[in-house]
Every structure is written in C-alpha cells, then in structure tokens.
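Visitor: Got a structure for you, questions after.
The values are calculated or read from the model by the stated rules, or taken from the named source; none is laboratory data. The structure presented is a predicted model; accordingly, all values stated were derived computationally and were not measured. Here the Cβ positions follow ideal geometry from the backbone for every residue, glycine too, while neighbour counts run over all protein chains shown.
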Amino acid sequence: MAQPEPDGEQIGKGAASAPLLLCGQALVADLSGALFWPAEQALLVADLHLEKGSAQAERGLLLPPYDTRETLARLAQAIDRYRPRRVIALGDSFHDARAPARLDGDDRDTLRALQGGRDWVWIAGNHDPGGSARVGGQALEVLGLAGLTLRHEPTPGPASREIAGHLHPAAKLALRGTSIRRPCFVGNAHRLVLPAFGAFTGGLNVLDAAFRPLFDTDRASGMAVCVLGQDGLYPVPTRLLCAD
C-alpha cells in the first residue's frame with residue numbers, strides 16, 4: 001500500500017480521500033472506511049455488522065437500535081460519491097445468521113434501493129458464513145478480480161495481492177502529549193486490510209499480535225497506516241503508533 005509518509009512528527013492536513021497503490025492497482029481510500037477501485041468501478045466495504053444492536057438486545061444488552069440505519073446511510077453517501085457499478089462487502093455484513101430476518105422494513109427497502117442497477121456481492125464472513133443473498137445480490141466465499149483476491153479473513157503469512165477485512169484495524173498514536181485511537185486502513189505492497197464500516201464495530205490495535213502474521217509490526221517498513229480522522233484521512237508514520 002504505497003502512500004506518502006509525513007516528515008518529522010507532523011501528521012499534516014487530512015483529506016476526504018487518499019490514493020493507494022496495491023500490486024499495481026490504483027485504489028482510493030475514503031474517509032467513511034470504504035475503498036473505491038476506479039478501474040473496476042467497484043466500492044469495497046468490510047464488516048458492516050448489520051443488526052448488531054438487535055443481536056445485543058436479545059442478550060439483554062440494550063443499545064440504540066439504529067446501527068443498521070446509520071451504517072446504511074453512510075454506505076449510501078459513499079455510493080453517491082463514487083457511483084460504482086458494483087459493491088463488494090467483504091464479510092460479516094450481518095452480525096449473525098439470523099440478522100437478515102431482523103431487518104426493519106424501512107432498512108430492507110433502503111438496502112434494495114442501494115442494490116438497484118448495480119452488481120452486489122456478499123463475501124461470507126465468520127459471523128455470516130451462510131452468505132447474505134437472501135437480501136439480494138450474490139453470495140461468494142471469495143472473489144478474484146483483476147489479479148487481486150478479495151476475502152473476509154486475511155490469509156496468515158506473507159500473502160500477496162489480497163484485500164480483506166475481519167480484523168477491524170485501529171491505530172493508537174501519541175502526539176504532543178495526547179493520544180487518540182481511530183479506525184484505519186493498514187497494508188503494505190502486497191495486501192490491504194480495511195477498517196470495519198459498521199456503526200457499532202470496535203477496533204483492534206494494528207500493533208496487536210493478530211497482525212504479526214500479516215505484517216512485520218516491528219519494522220517501520222513492514223506496514224503503512226492511513227487513519228480515519230474526524231475530518232479527513234491521515235497517513236501516519238508508524239513510529240508514532242502506540243500499543244494499547
């Protein structure tokens with residue numbers, strides 16, 4: 001994932017989108033956490049976790065029941081920005097196998113409207129292993145596209161030409177006596193992991209042991225990080241990253 005790294009200890013000015021390069025493919029990281037692939041006119045999102053709120057309510061944990069609505073609204077905005085021919089959801093699109101049945105009628109209508117006139121692919125995740133084609137679109141285990149492999153869980157080890165989700169990457173950094181923790185894109189020249197897109201999704205620090213099979217987290221050259229800030233995307237020098 002090629003991107004400029006700021007000099008010194010300054011992060012620089014954020015932007016609503018940032019160009020990325022993966023195995024020769026030009027990509028665009030969006031502030032929403034989506035990834036646009038211009039050559040394929042494809043918008044990629046990971047880990048929507050639709051109906052997580054209703055799943056938690058069944059377990060007695062009362063959360064505001066609007067996560068699906070908020071997530072779909074943000075997805076609609078990203079679709080309006082890029083007008084993709086296809087949308088590819090990289091797994092865990094629903095929080096569990098019964099989540100499609102719990103969709104509110106208005107949210108179901110919104111999803112159908114977003115699917116209208118474009119190809120829609122649901123990659124199976126560990127939360128929704130049966131796929132999500134019951135709500136329209138095509139369900140696949142993995143998708144090969146223009147020499148890249150799109151899947152939910154990253155392949156352990158030094159895999160190449162891969163875009164995945166699953167890990168909900170987040171970056172914690174300390175700067176001028178304060179620390180912040182935000183979702184992020186993380187990658188290198190061979191692979192890219194997208195941040196979780198869903199409203200109620202948490203994040204796993206990119207310095208966590210789960211990322212070590214994917215990137216050399218002990219070396220600054222082992223990975224590049226692009227953080228989703230409040231008002232822009234920020235390429236962050238890896239020397240500024242902190243463990244939790």
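Visitor: Those residues that are surrounded by fewer than 17 Cβ atoms within 10 Å (Cβ to Cβ), assigned to a loop (DSSP other than H, G, I, E, B) and either out of contact with any strand residue (DSSP E or B) (no Cβ under 9 Å at 6 or more places or on another chain) or without any contact (Cβ under 8 Å) to a residue 60 or more places away in the chain (or both), I need them from segment 165-223; list them, please.
Guide: Arg176, Gly177, Gly202, Asp208, Arg212, Pro213, Asp216, Asp218, Arg219
Visitor: Moving on to the next point. Hey, among the residues in segment 154-164 that are in contact (Cβ under 8 Å) with a residue 60 or more places away in the chain and touching a Leu at 6+ places or on another chain (Cβ under 8 Å), which one's farthest from Val227 (Cα to Cα)? Talk me through it step by step, then tell me what you get.
Guide: Here is the first cut: in segment 154-164, the residues in contact (Cβ under 8 Å) with a residue 60 or more places away in the chain are 154, 160-161, 163-164.
After this cut, where a residue has to be touching a Leu at 6+ places or on another chain (Cβ under 8 Å) as well, the list is 154, 161, 163-164.
Numbers: Pro154: 19, Arg161: 22, Ile163: 17, Ala164: 17 Å.
Among residues in segment 154-164 that are in contact (Cβ under 8 Å) with a residue 60 or more places away in the chain and touching a Leu at 6+ places or on another chain (Cβ under 8 Å), the one farthest from Val227 (Cα to Cα) is Arg161.
Visitor: Okay, moving on. Considering every residue within segment 142-154, establish whether at least one is in a loop (DSSP other than H, G, I, E, B) and of a type in the set (A, V, I, L, M, F, W, C).
Guide: If we filter segment 142-154 for residues that are in a loop (DSSP other than H, G, I, E, B), which is where we start, we get 142, 146-147, 151-154.
Applying the additional criterion that residues be of a type in the set (A, V, I, L, M, F, W, C) yields 142, 146.
Within segment 142-154 (the criterion being in a loop (DSSP other than H, G, I, E, B) and of a type in the set (A, V, I, L, M, F, W, C)), the answer is yes, since at least one residue qualifies.
Visitor: Filter segment 33-45 down to the residues that are hydrophobic (A, V, I, L, M, F, W, C) and under 13 Å from Arg74 (Cβ atoms) and list them by number.
Guide: Result: Ala34, Leu43, Val45.
Visitor: Being surrounded by fewer than 16 Cβ atoms within 10 Å (Cβ to Cβ) and among the polar types (S, T, N, Q) is the filter here, so list the residues in segment 111-162 that pass it.
Guide: Gln115, Asn126, Gln138, Thr155, Ser160
Visitor: Give the residue that is modelled with the lowest pLDDT, with candidates limited to residues of segment 111-141 that are charged (D, E, K, R) and assigned to a loop (DSSP other than H, G, I, E, B).
Guide: Selected residue: Asp128.
Visitor: Pick out the one residue from Ala101, Ala97 that is modelled with pLDDT under 90 and out of contact with any helix residue (DSSP H, G or I) (no Cβ under 9 Å at 6 or more places or on another chain).
Guide: Only one candidate qualifies: Ala97.
Visitor: Looking at Thr238, Thr155, which is the one that is of a type in the set (Ser, Thr, Tyr) and within 24 Å of Asn126 (Cβ to Cβ)?
Guide: After applying the criteria, what remains is Thr155.
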